[in-house]
Amino acid sequence: MKTMPRTVQSFDSDWLFHLGDLPVRHAVKGGMTGGLTDCEQIAEGEWLKIAFFDEREQAVINEREWKSIDLPHDWCVEGNYVYDGDKVKHHRSHGYLPVGIGCYRKFFEIPVEDQGKKISIEFDGVMRNCTVWVNGHEMGTHQSGYTGFCYDITDIARYGEEGQNVIFVRVDASDYEGWWYEGCGIYRHVWLIKSDRLHVGRHGTYVTTPVVREDEAQINIKTTIFNEYVLTISAIIKTSIVDTTKQVVASFSNKITIEGDSYIENETVMALMAPNLWSPEEPYLYEVITEIYDANENQMLDIYKTPLG
């Protein structure tokens, strides 16, 4: 088992943006479609055409129609206000910025040393309905602009000399969720996350404080841990609470065993003496740090941090 502590890298720079819709050819059998959603060339051969493509028109990439941007990005605010108060009887009657559809692309490389890790792309927020492709594979559609989402690209990524990767995001902001200004596009940060296949799950730490007094607080911590290896693994999980100076004020460790391709929930209860209580006037935040080590405690496999107020 390799040693691969978690890294969270900014994925905000060097995107390309296209204002307006582009027809994306449907992949009947997933992946290697070429064209808009993949930087690889479309393979020749009658069978490949039958197996991978429908008969709809494929858009041709005109690089002059794409502009370089960094995230976060809102194309709506770049437009011109429209007033049609005589026609529309709702919040748009006072003038509004028109919405619509936009497309994003980004090329990126993953070093061969990362092969064997779990690779994910995390979106903090995209306004509004968006569909994501990576290397020609349709990853999914997310239909709210106010919640984050994540896709696991481990098995479809290209590593090292296998070539470049490309992510393509189509954003349809035609529908709105609120009467206020919402914008359009990838308006929050995006992250490339690399972790060991034995790791804390996404939003995997659930913290409650059933007892809180000035002299003592009871902290219940439930952690979901995934083992995406084939084999059963024994490991040490260490849970620590640190204050604002990064000093450990409470900690606990125990040994866990997880079967292959499964997960467990590890529950820890700790006492925090003389806690600094959060208030609007003094918004004091502790932090829960979860560390996973191999059974001999020689190598850290994962680290996950959660704020605690």
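The values are calculated or read from the model by the stated rules, or taken from the named source; none is laboratory data. Quantities reported herein were computed from a predicted structural model and do not represent experimental measurements. Every residue, glycine among them, receives a Cβ derived from its backbone with ideal geometry; neighbour counts consider all protein chains shown. Remember, those area values only see protein heavy atoms, side chains included, never the ligands or the DNA or RNA. Shrake-Rupley method; radii C 1.70, N 1.55, O 1.52, S 1.80 Å.
Filtered by the rule that a residue be touching a strand residue (DSSP E or B) at 6+ places or on another chain (Cβ under 6 Å) and either in contact (Cβ under 8 Å) with a residue 40 or more places away in the chain or of a type in the set (A, V, I, L, M, F, W, C) (or both), region 210-227 gives V211, E216, A217, Q218, I219, N220, I221, K222, T223, T224, I225, F226.
One residue stands out among those in region 121-138 that are within 12 Å of the chain's Cα centre (by Cα) and assigned to a strand (DSSP E or B): the one that is nearest to I186 (Cα to Cα), which is F123. For beta carbons closer than 6 Å, sequence separation of 6+ or different chains, a first residue in region 162-187 that is on the phi < 0 side of the Ramachandran plot and a second that is modelled with pLDDT of 95 or more and of a type in the set (K, R), the qualifying pairs are N165/R158; I167/K106; F168/R105.
Looking at the structure I just gave you, is I241 over 14 Å from G201 (Cα atoms), surrounded by 12 or more Cβ atoms within 10 Å (Cβ to Cβ) and in contact (Cβ under 8 Å) with a residue 60 or more places away in the chain? Here the answer is yes, as I241 does meet what is asked. Under the condition of being without any contact (Cβ under 8 Å) to a residue 60 or more places away in the chain and open to solvent by less than 30 Å² (accessible area, probe 1.4 Å), which residue from region 280-309 is nearest to the chain's Cα centre (by Cα)? Of everything passing the filter in region 280-309, I289 is nearest to the chain's Cα centre (by Cα).
In region 157-185, the qualifying residues are those that are of a type in the set (A, V, I, L, M, F, W, C) and part of a loop (DSSP other than H, G, I, E, B), and the one that is most open to solvent (accessible area, probe 1.4 Å) is W179.
Confirm whether N266 is farther than 20 Å from V8 by Cβ, in contact with a Pro (Cβ under 9 Å, 6 or more places away or on another chain) and modelled with pLDDT of 95 or more.
Working: farther than 20 Å from V8 by Cβ: yes; in contact with a Pro (Cβ under 9 Å, 6 or more places away or on another chain): no; modelled with pLDDT of 95 or more: yes.
No: the conditions fail for N266.
With respect to the conditions (1) in contact (Cβ under 8 Å) with a residue 60 or more places away in the chain; (2) open to solvent by 10 Å² or more (accessible area, probe 1.4 Å), C150 falls short on a single one, namely (1). In the set (1) under 25 Å from the mean Cα position of the chain (by Cα); (2) open to solvent by 40 Å² or more (accessible area, probe 1.4 Å); (3) closer than 16 Å to I303 by Cα; (4) of a type in the set (D, E, K, R), the condition left unmet by K246 is number (1). Taking (1) open to solvent by less than 20 Å² (accessible area, probe 1.4 Å); (2) within 30 Å of N266 (Cα to Cα) in turn, G145 satisfies each apart from (2). The single condition among (1) modelled with pLDDT of 65 or more; (2) part of a loop (DSSP other than H, G, I, E, B); (3) among the hydroxyl-bearing types (S, T, Y) that T33 does not meet is (1).
Residues being open to solvent by less than 10 Å² (accessible area, probe 1.4 Å) and over 11 Å from I101 (Cα atoms): count how many of those fall in region 124-138. Spell out how you get there, then give the answer.
Of the residues in region 124-138, the ones open to solvent by less than 10 Å² (accessible area, probe 1.4 Å) are 125-127, 130, 132, 134-136.
With over 11 Å from I101 (Cα atoms) added as a condition, the list becomes 125-126, 132, 134-136.
Residues flagged as open to solvent by less than 10 Å² (accessible area, probe 1.4 Å) and over 11 Å from I101 (Cα atoms) within region 124-138 amount to 6.
Counting just the residues of region 255-279 that are assigned to a loop (DSSP other than H, G, I, E, B) and among the hydrophobic types (A, V, I, L, M, F, W, C), which one comes out most open to solvent (accessible area, probe 1.4 Å)? Of everything passing the filter in region 255-279, W278 is most open to solvent (accessible area, probe 1.4 Å).
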